[in-house]
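Colleague: Can you read through this structure? Questions will come right after.
The values are calculated or read from the model by the stated rules, or taken from the named source; none is laboratory data. Since the structure is predicted, the reported quantities are computational estimates derived from the model, not experimental observations. Methodologically, a virtual Cβ is constructed for each residue, glycine included, from the backbone with ideal geometry; neighbour enumeration extends over all protein chains shown.
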Amino acid sequence: MQSNLRIDMKPTPMVLRIMVANVVLWLLFGILINMAGIPGAAEVYGALMLAPEDARTTVGALAGVEIGFWPWQLATYAWLHDLLAPSHVLFNMLGLFFLGPTLERRWGGRSFLAFYIWASIIAGTLSLILAWLLPGVFGFPVVGASGATMAVLAAFSLVMPEATLLLFFVLPLQAKWLLWIAVIMDTMAFVSGSAIAWHTHMGGVLAAWLLISGNWRPRLALDRLRLKLLKRRRKPGPKLTVLPGGRGDDQMLN
């Protein structure tokens, strides 16, 4: 059954707070580093971004700053954005603005915030693992809410797959296809050489699936896996055949 979903242009309280926090931090670090040149501001920014290994960064305004990995970066990187690219924070906040409020109304503000934070941590963790395994491909510093925003998009597609959206405000599209379109476009951009954190985006998709399905719990995931294996191994029972004979259907039993 299809349902048309009306996007409310007024953000919900928690979504608004997340958006404000992201924009304020982007403006604050932009002013401190790019305009005021406050000593130590670039080092603080570098300590908050997700840096897989110790190195001197060549990222924009942080060129020459020593960065390295610290555990808190798994929670802080998603609240920062490229200081030289306003479009980075703009597009992430637009995605959150359009899809986040519906989920917040469904889950509540605290649950949505918990989902957003855990999704960013899971996406950051996958980014870190892939960076250590394939440093030549993924071993670069990461900032941005893209992983968490991708998780919100994936959650929307998983929770309300039959809802109909207007893609680009024109083309009707069921939400279940939105995720696949986003993944395909993201992968094509990455393969073409675009400077995007593809591994972080895919980490957001993985995070949404784990958190919504409950498979982040090892026991639950193992139980579901065992159940699937049992269903596959189960042998079909003997086929029963109805033979003619016996009492007629029109004969009543007393």
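Colleague: Regarding GLY46, is this residue over 21 Å from PHE138 (Cβ atoms) and either surrounded by 14 or more Cβ atoms within 10 Å (Cβ to Cβ) or aromatic (Phe, Trp, Tyr) (or both)?
Modeller: no
Colleague: Any residue at all in region 170-184 that is touching an Asp or Glu at 6+ places or on another chain (Cβ under 8 Å) and charged (D, E, K, R)?
Modeller: So far as region 170-184 goes, yes, one or more of its residues are touching an Asp or Glu at 6+ places or on another chain (Cβ under 8 Å) and charged (D, E, K, R).
Colleague: Right, another one. Applying the selection to region 80-102, what residues are within 21 Å of PHE156 (Cα to Cα) and in contact with a helix residue (DSSP H, G or I) (Cβ under 6 Å, 6 or more places away or on another chain)?
Modeller: Passing the criteria: VAL89, ASN92, MET93, GLY95, LEU96, LEU99, GLY100, PRO101.
Colleague: Which members of region 14-43 meet the condition of being exposed (fewer than 11 other Cβ atoms within 10 Å of the Cβ) and at pLDDT 85 or above?
Modeller: Matches in region 14-43: GLY40 only.
Colleague: Moving on to the next point. Looking only at region 183-205, count every residue that is part of a helix (DSSP H, G or I), crowded, with 19+ Cβ neighbours inside 10 Å and not aromatic (Phe, Trp, Tyr) and tell me the total.
Modeller: 8
Colleague: Filter region 116-150 down to the residues that are of a type in the set (Gly, Ala, Ser) and part of a helix (DSSP H, G or I) and list them by number.
Modeller: ALA119, SER120, ALA123, GLY124, SER127, ALA131, GLY136, SER146, GLY147, ALA148
Colleague: With the requirement that a residue be of a type in the set (S, T, N, Q) and either over 27 Å from ALA61 (Cβ atoms) or loosely packed, with under 15 Cβ neighbours inside 10 Å (or both), what does region 75-110 give you?
Modeller: If the condition is that a residue be of a type in the set (S, T, N, Q) and either over 27 Å from ALA61 (Cβ atoms) or loosely packed, with under 15 Cβ neighbours inside 10 Å (or both), then SER87, THR102 are the ones that fit.
Colleague: Then there's this: Of the residues LEU113, LEU153, LEU179, which single one is touching a helix residue (DSSP H, G or I) at 6+ places or on another chain (Cβ under 8 Å), assigned to a helix (DSSP H, G or I) and surrounded by 21 or more Cβ atoms within 10 Å (Cβ to Cβ)?
Modeller: Selected residue: LEU153, the only one of LEU113, LEU153, LEU179 that is touching a helix residue (DSSP H, G or I) at 6+ places or on another chain (Cβ under 8 Å), assigned to a helix (DSSP H, G or I) and surrounded by 21 or more Cβ atoms within 10 Å (Cβ to Cβ).
Colleague: Among the residues of region 156-176 satisfying the criterion of being small (Gly, Ala, Ser) and at pLDDT below 85, which is surrounded by the fewest Cβ atoms within 10 Å (Cβ to Cβ)? Break it down stepwise before answering.
Modeller: First pass over region 156-176, keeping only residues small (Gly, Ala, Ser): 157, 163, 175.
Subset that is at pLDDT below 85: 163, 175.
Values: ALA163: 18, ALA175: 21.
My answer is ALA163.
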